[in-house]
Amino acid sequence: MKLLLVKTSSLGDVLHTLPAVTDLSLAHPDWELHWLLEPAYAPIAALHPFVRRVWPFSLRDLKRHWWRAPQAIQALRRELRRQGYAGVLDSQGLVKSALLARLPGVPVFGLDRHSAREPLACRAYHRTATVSWDLPATERNRYLFADLLGYAKPQGRPEARLRVPPASRERALVEACRPFVWGFHGSARANKLWPQEHWAALAGSLASRGLNLLMPAGNVAERDRVTALSHRCANVRLLPALAVADILALLPLGRAFVGVDTGFSYLASAVDLRGVTLYGPTADEQSPYAPRQLVLHSPRSCAPSCSRLRCALAAPYAACMSAIAPESVLAALTPLLED
């Protein structure tokens, strides 16, 4: 059976889907899986050994260049219909993903109206499944795949099974920073950011242990934050913007990671790098791939039920993230460094 998976973005969503792909590969090893997603994340999907082909297609780009949309969608439709898919699984549950899932002209499976992020999307599906919102994102995907694709719901630990790329453009630069801990500080949501003062305190503690703090920067705001921090802390190192696949290749060079609720924290977990992920306004969506990854929740009572994109109680950092003390992070990280 040839199946098309639609999960277009974001990095975290793509990474949360990988264990479900692993489950499918074990349940139906003779099937052929293709994956339709945003070009930025296509190299990650292609690293799973069960994904036979990726279809990079950028809805984000078409929003900026809307006049190209009709021609691009028609071209994609023609290509997908040539593949002879038996079905399409839309595990994103959005109207835009449901519309893409209809392009091959074959039965579409997805979440029902109680489980999808956008209930209207389920009108595009031929068969649906109910998956509890109480489950972490990784487990939601695993249960959805099992229910709709006809195998027992998985009970074991999730496995990403990514093939780590052998090299990267910046390997020499990163090698020169060793030994180091990764600091995944960036997020599109301002209320997920951990205060600069806290990062500085953590960097100071790492310096006393002879460790650098290597912090990637994917945009100007992130680069400015790391640059300012490096002026205060001599052991803070800036990693220039790289493709996600390049970051993936470099992750094993680190001793561990500390990260906010962001895609890079999930990526580190997918390659079994030990570390600590910080959660404030958002619920713990990370179903760890290994016991060497820990989660720290904010002690504030308003977390993680907050649904605001910006904190109404404090600025420039959310009160819940400020409440995660550097001492608590260091206490969680220390045993991982000594292992």
PHE264 accessible area, 1.4 Å probe, all protein chains in place, Å² to nearest 10: 50 Å²
Projected label distance in nm at ALA27 and ARG178, using a 7 Å step from Cα toward the beta-carbon: 4.0 nm
At a Förster distance of 22 Å, what's the computed FRET efficiency of ARG171 paired with THR227, Cβ-Cβ distance as r, to 0.05? 0.50
State the Kirkwood hydrodynamic radius of segment 41-136 in Å, one decimal place, computed from all pairs of distinct Cα atoms. 14.6 Å
Starting at the first residue of segment 317-329, write each ³J(HN,Hα) from the Karplus equation 6.51 cos²θ - 1.76 cosθ + 1.60 with θ = phi - 60°, in whole Hz, x for Gly and Pro. 10, 4, 4, 5, 6, 4, 6, 7, 6, x, 4, 5, 5
Quote the charge dipole size of segment 170-338 about the Cα centre in Debye, to the nearest 20; the model charges only the Cβ of Lys and Arg (+1) and of Asp and Glu (-1). 220 debye
Taking a probe of 1.4 angstrom, what is the accessible area of LYS192 in Å², to the nearest 10? 30 Å²
Using the Karplus curve 6.51 cos²θ - 1.76 cosθ + 1.60 with θ = phi - 60°, what ³J(HN,Hα) values do you get for each residue of segment 82-87, in whole Hz, with x for Gly and Pro? 6, 7, x, 5, 7, x
In 10 Å bins starting at 0, how do the alpha-carbon pair distances of the chain split up by percent? 5, 24, 32, 24, 12, 2, 0
Could you run the Karplus curve 6.51 cos²θ - 1.76 cosθ + 1.60 with θ = phi - 60° over segment 69-74 and give me ³J(HN,Hα) per residue in whole Hz, x for Gly and Pro? 4, x, 5, 5, 5, 5
Please go through the residue pairs LYS63/LYS96; LYS96/LYS192; LYS7/LYS63 and name each one whose alpha carbons sit more than 21 Å apart in this structure. LYS96/LYS192
Could you state the accessible area per residue of the chain in Å², with a 1.4 Å probe and every protein chain left in place? 44 Å²
Roughly speaking, to the nearest percent, how much of the chain's 1.4 Å accessible area is carbon and sulfur? 53 percent
With a 1.4 Å probe and all protein chains in place, put THR227, THR8, THR262 in order of accessible area, largest first. THR227, THR262, THR8
Calculate I(q)/I(0) for segment 170-338 by the Debye formula, one identical point scatterer on each C-alpha and no solvent, and give its log10 at q = 0.13 Å⁻¹ to two decimals. -0.57
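The values are calculated or read from the model by the stated rules, or taken from the named source; none is laboratory data. Values in this document were obtained by computation on a predicted structure and should not be read as measured data. Cβ coordinates were reconstructed from backbone atoms using ideal geometry, including for glycine residues, and neighbour counts include every protein chain displayed. Side chains included, ligands, DNA and RNA excluded: accessible areas come from the protein's heavy atoms. Shrake-Rupley method; radii C 1.70, N 1.55, O 1.52, S 1.80 Å.
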